[in-house]
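S.K.: First the structure, then my questions, so here it is.
We did not get these values from a lab; they are worked out from the coordinates using the rules stated. All values derive from a computational prediction rather than experimental measurement. Glycine gets a Cβ as well: all are built from the backbone with ideal geometry, and neighbour counts include every protein chain shown.
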Amino acid sequence: MLVEIPEGLVRALVDAEHVAVLTGAGMSAESGIPTFRDPQTGLWSRYRPEELATPEALRRNPDLVWSWYAWRREKVRQARPHAGHRALVRLEGLVPRFTLITQNVDGLHQRAGSREVIELHGNILRTRCADCGRQVQDWPPAPEGRAPRCPHCGGVLRPDVVFFGEPLPEGALQRAWQAAASCDVMLVVGTSAVVEPAASLPRLAYMRGAVVAEINPQRTPLSDLVHYRLPAPAGEALPALVAALEAARKPGSVGR
Ligand code: BV8
Ligand code: ZN
């Protein structure tokens, strides 16, 4: 299915000084990483992410939480960036200022070549100690299915991600607010726009007069607010959008 690229959105991108992009789990779906809305498959089908990704769950059942993340980390390791990730790398080079903000913890934007990525919710491939807080690269092997322990203090190890109920990394959130407040265009890709405070970033951009476009096969709470909706998968819509921008920027074509 060929996705239609709105002329007005291309025009806004041609004229933009600063383009911001906010991505969610839908950005990684075509790389084979299940989204949070997909019913958790297999072993995890009886848990909701909101139940497992919490400090309480880690305290109550560190082995279960560690196993869930070990399963997800394996999926992330097998995943590869797709054409949508690579289109965002191209877009970075086509606009004067570019800010990529992601809710995803899989590091796929960096693996595709995006230079500066604001990781609002941390990164599943990093591990830290729940007690002393140190980042830990390797640790003594734990018995099968058991959460490993910190080599420094013996505390429980956890993925370096933001659980529900935990504050987002201060610096990352500040930079994300600033980008939302100053961008001329914000692309919102593959997010159900439910989780806060990330879901408020497009609203701030919109209120500050930015052109906001949503790329998502499904409608979301943002759909009635945005200026443009591309009801298509990220792996199709982003390459098409960037190709249209490249064509519009060719010397002799309309615009700048
Ligand atoms: C905080 C890391 C305060 C962990 C994550 C009641 C009302 C409002 C807010 C709250 C509330 N109760 C609690 C809150 C706050 C809470 C929250 O928002 N809860 C939600 C459930 C209502 N937020 C928090 O707790 C945050 N912290 O507020 O702290 C604080 C301050 C100071 C001191 C102490 C405390 C922390 C939120 C971060 C949680 N961690 N991830 C991990 O990964 O395990 S969030 C996690 O879920 C993901 O990172 C992601 O952000 C989120 C899921 O959202 P999406 O990315 O949108 O993914 P989803 O599956 O939902 O949607 C996918 C979309 O893609 C769909 O729309 C689909 O149509 C689309 N799609 C599918 N395929 C494609 C596609 N799109 C394009 N192409 C495709 N191919
Ligand atoms: Zn420790």
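S.K.: Quick one: net charge of Tyr228's neighbours, Cβ under 13 Å, K/R +1, D/E -1? Mind dumping the intermediate values first?
M.R.: Working: positive: Arg11, Arg229; negative: Glu4, Glu7, Glu214, Asp224.
After counting each charged neighbour, the total is -2.
S.K.: All other residues with a Cβ under 14 Å from the Cβ of Ile124 taken together, and with Lys, Arg as +1 and Asp, Glu as -1, what is their net charge?
M.R.: Summing Lys and Arg as +1 and Asp and Glu as -1 gives +4.
S.K.: I'd like the trypsin sites (Lys or Arg not before Pro) in the range 34-128 restricted to DSSP loop residues with at most 12 other Cβ atoms within 10 Å, sorted by number.
M.R.: Here the sparse-neighbourhood loop sites are Arg115.
S.K.: Skipping prolines and chain starts, which residues have an amide H placed within reach, meaning under 5 Å, of the one on Ala147, given they are 5 or more residues away or on another chain?
M.R.: Long-range HN contacts for Ala147: Asp63.
S.K.: List, in order, the whole-Hz ³J(HN,Hα) value for each residue of the range 171-181 obtained from phi through the Karplus relation with A = 6.51, B = -1.76, C = 1.60 and θ = phi - 60°; use x for Gly and Pro.
M.R.: Along the range 171-181, the couplings run x, 4, 5, 4, 5, 5, 4, 4, 5, 5, 7 Hz.
S.K.: Now for a separate question. How large is the direction-averaged shadow of the alpha-carbon convex hull of the range 1-117, in nm²?
M.R.: Its Cα hull, projected and averaged over all orientations, spans 9.1 nm².
S.K.: Quick one: what are the phi-derived ³J(HN,Hα) couplings along the range 74-87, Karplus 6.51/-1.76/1.60 with θ = phi - 60°, whole Hz, x for glycine and proline?
M.R.: With the stated coefficients, the range 74-87 comes to 5, 4, 5, 5, 7, 6, 10, x, 10, 4, x, 4, 5, 5 Hz.
S.K.: How large is the Rg to Rh ratio of the range 174-256 when both quantities use alpha carbon positions and Rh follows Kirkwood?
M.R.: On the way: Rg = 13.8 Å, Rh = 13.7 Å.
Rounded to two decimals, Rg/Rh equals 1.01.
S.K.: Also, quick follow-up: Determine, for Leu245, Leu204, Leu52, the number of other Cβ atoms within 10 Å of each Cβ, and report the residues in order from fewest to most.
M.R.: Leu204, Leu52, Leu245
S.K.: Ok, one more. Relative contact order (percent) for the chain, with alpha-carbon contacts under 8 angstrom and 6 or more residues of separation? Mind showing how you got there, number by number?
M.R.: Working: 457 pairs, mean separation 69.8, N = 256.
In percent, rounded to a whole number, it is 27.
S.K.: Right, another one. Just the isolated ones, please: cysteines in the chain lacking another cysteine beta carbon under 4.7 angstrom.
M.R.: Cys183 - these cysteines have no disulfide-compatible partner (Cβ-Cβ under 4.7 Å) in the chain.
S.K.: Residue by residue through the range 198-208, which ³J(HN,Hα) values in whole Hz follow from phi under the Karplus form 6.51 cos²θ - 1.76 cosθ + 1.60 (θ = phi - 60°), with glycine and proline marked x?
M.R.: Ordered by residue, 3J(HN,Hα) equals 4, 5, 7, 4, x, 5, 5, 4, 4, 5, 8 Hz.
S.K.: Select from the range 36-85 those chymotrypsin sites (Phe, Trp or Tyr not before Pro) which occupy a DSSP coil region and have at most 10 other Cβ atoms within 10 Å, ordered by residue number.
M.R.: Nothing satisfies the criteria.
S.K.: Which of the chymotrypsin sites (Phe, Trp or Tyr not before Pro) found in the range 164-256 are in a DSSP loop and have at most 16 neighbouring Cβ atoms, other than their own, within 10 Å?
M.R.: Answer by residue number: Phe164.
S.K.: Looking only at Cα atoms, what is the convex hull volume of the range 117-256 per residue, in Å³? Walk me through the numbers before you get to the answer.
M.R.: On the way: hull volume 23.4 nm³, N = 140.
Roughly 167 Å³ of hull volume per residue.
S.K.: At Arg60 and Ser223, where each label point lies 7 Å from the Cα along Cα→Cβ, what is the point-to-point distance in nanometres?
M.R.: 3.4
S.K.: Then there's this: Between the range 199-256 and the range 2-46, how many Å separate their Cα centres?
M.R.: 11
S.K.: Treating only the Cβ atoms of Lys and Arg (+1) and Asp and Glu (-1) as charged, compute the dipole magnitude of the range 39-117 about its Cα centre; round to the nearest 20 debye.
M.R.: Value, rounded to 20: 260 debye.
S.K.: Report the FRET efficiency, 1/(1 + (r/R0)^6), for Arg115 and Arg77, where r is their Cβ-Cβ distance and R0 is 22 Å, rounded to 0.05.
M.R.: 0.50
S.K.: Over the Cα atoms of the range 105-193, compute the convex hull volume and normalise it per residue, giving Å³.
M.R.: Details: hull volume 13.3 nm³, N = 89.
In the range 105-193, the Cα convex hull volume per residue is 150 Å³.
S.K.: Let me ask another. Connecting C-alpha atoms closer than 10 Å in a GNM of the chain, tell me which of Leu225, Leu88, Leu22 has the biggest fluctuation.
M.R.: In the Gaussian network model the winner is Leu225.
S.K.: Could you list the residues of the range 169-204 with an amide nitrogen less than 19 Å from a label point located 7 Å from the Cα of Cys132 in the Cα-to-C-beta direction?
M.R.: Nothing falls inside the zone, counting backbone N under 19 Å.
S.K.: Where the convex hull is taken over the Cα atoms of the chain, what is its projected area averaged over directions, in nm²? Intermediate values should be presented prior to the final figure.
M.R.: Values: hull surface 56.2 nm².
Hull-based average projected area comes out at 14.1 nm².
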